[in-house]
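Single-structure report; data block below.
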Amino acid sequence: MAVHNLILSMKGIQESLRLWSLSQATPEQVSDCYMQFGVEFNVIVRAFDGYGIGTGDLHPIPASLRAALENLLGEDPSPGALAMYMPEIRGLLCELLQGLKAKQAAWKAATSGPLSAVSRE
């Protein structure tokens, strides 16, 4: 569920940027979507860390995403501005998804072990 919520927040960022480029969303609305992304990201990081699954490789992504969003929002809203920055933003989101996918086997092993079964009772 946590990964699902993170994916939804990532889609929310992309949709808010599309609307911003058409002057149908404010920078504050984009920022709100980014903040929700941060909340969902932190939920996942805490969950992985709780099972001893390292997430250090994922930690720089939110800051890089924020910098890319700030650069984009520093432009006047337009589809051209969006087209210029969207490859970087999508690349960061894709990097995050790939990082999570790489941890999937460790997560399944950690959450299906005998200790996790006892903790769920």
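The values are calculated or read from the model by the stated rules, or taken from the named source; none is laboratory data. As the structure is a prediction and not an experimental result, all values here were calculated from the model. Quick reminder, even Gly has a Cβ in these numbers, built from the backbone with ideal geometry, and neighbours come from all protein chains shown.
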Considering 18, 46, which residue is among the basic types (Lys, Arg), over 19 Å from residue 97 (Cα atoms) and surrounded by fewer than 15 Cβ atoms within 10 Å (Cβ to Cβ)? 18
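Quick one: would you say residue 66 is of a type in the set (D, E, K, R), closer than 15 Å to residue 85 by Cβ and surrounded by 15 or more Cβ atoms within 10 Å (Cβ to Cβ)? Steps first, please.
Numbers: of a type in the set (D, E, K, R): yes; closer than 15 Å to residue 85 by Cβ: yes; surrounded by 15 or more Cβ atoms within 10 Å (Cβ to Cβ): yes.
In short, yes.
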A careful count of residues in region 7-27 that are free of Cβ contacts under 8 Å to residues at least 60 places away in the same chain and either outside any loop (DSSP other than H, G, I, E, B) or of a type in the set (Val, Ile, Thr) (or both) gives 9
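Inspect region 101-119 for any residue being within 14 Å of residue 3 (Cα to Cα), at pLDDT below 95 and not in a helix (DSSP H, G or I) and give the result as yes or no.
Our first condition is that a residue be within 14 Å of residue 3 (Cα to Cα); within region 101-119, this holds for 101-104, 107-108.
Applying the additional criterion that residues be at pLDDT below 95 yields 101-104, 107-108.
With not in a helix (DSSP H, G or I) added as a condition, the list becomes 103.
Yes - at least one qualifying residue is present in region 101-119.
Give me the residue from region 21-43 that is of a type in the set (A, V, I, L, M, F, W, C) and within 20 Å of residue 80 (Cα to Cα) and, out of that set, surrounded by the fewest Cβ atoms within 10 Å (Cβ to Cβ). Steps first, answer last, please.
Just the residues of region 21-43 that are of a type in the set (A, V, I, L, M, F, W, C), to begin with: 22, 25, 30, 33, 35, 37, 39, 41, 43.
Restricting the remaining residues to those that are within 20 Å of residue 80 (Cα to Cα) gives 22, 25, 30.
On the way: 22: 12, 25: 18, 30: 21.
Step by step, filter region 21-43, then rank; the result is 22.
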For region 94-110, give me the residue count where each residue is buried (at least 16 other Cβ atoms within 10 Å of the Cβ), within 14 Å of residue 57 (Cα to Cα) and of a type in the set (A, V, I, L, M, F, W, C). 2
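Select from region 72-89 the residues that are surrounded by fewer than 13 Cβ atoms within 10 Å (Cβ to Cβ) and in a helix (DSSP H, G or I) and list them in ascending order. Steps first, please.
Initial filter on region 72-89 (surrounded by fewer than 13 Cβ atoms within 10 Å (Cβ to Cβ)): 74, 76, 79-80, 83, 87.
Residues satisfying the conditions are 79, 80, 83, 87.
Does any residue of region 30-45 turn out to be over 15 Å from the mean Cα position of the chain (by Cα) and at negative phi? Explain how you work it out, then say what you get.
Restricting attention to region 30-45, the residues satisfying the condition of being over 15 Å from the mean Cα position of the chain (by Cα) are none.
No, there is no match, as no residue in region 30-45 is over 15 Å from the mean Cα position of the chain (by Cα) and at negative phi.
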In region 3-28, what count of residues is obtained for those that are more than 11 Å from the chain's Cα centre (by Cα) and modelled with pLDDT under 95? 0
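Conditions tested, residue by residue: (1) over 18 Å from residue 94 (Cβ atoms); (2) in contact with a His (Cβ under 9 Å, 6 or more places away or on another chain); (3) of a type in the set (A, V, I, L, M, F, W, C); (4) in a helix (DSSP H, G or I).
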{"position": "29", "(1), (2), (3), (4)": "yes, no, no, yes"}
{"position": "42", "(1), (2), (3), (4)": "yes, no, no, yes"}
{"position": "48", "(1), (2), (3), (4)": "yes, no, yes, yes"}
{"position": "56", "(1), (2), (3), (4)": "yes, no, no, no"}
{"position": "62", "(1), (2), (3), (4)": "no, no, no, yes"}
{"position": "65", "(1), (2), (3), (4)": "no, no, yes, yes"}
{"position": "70", "(1), (2), (3), (4)": "yes, no, no, yes"}
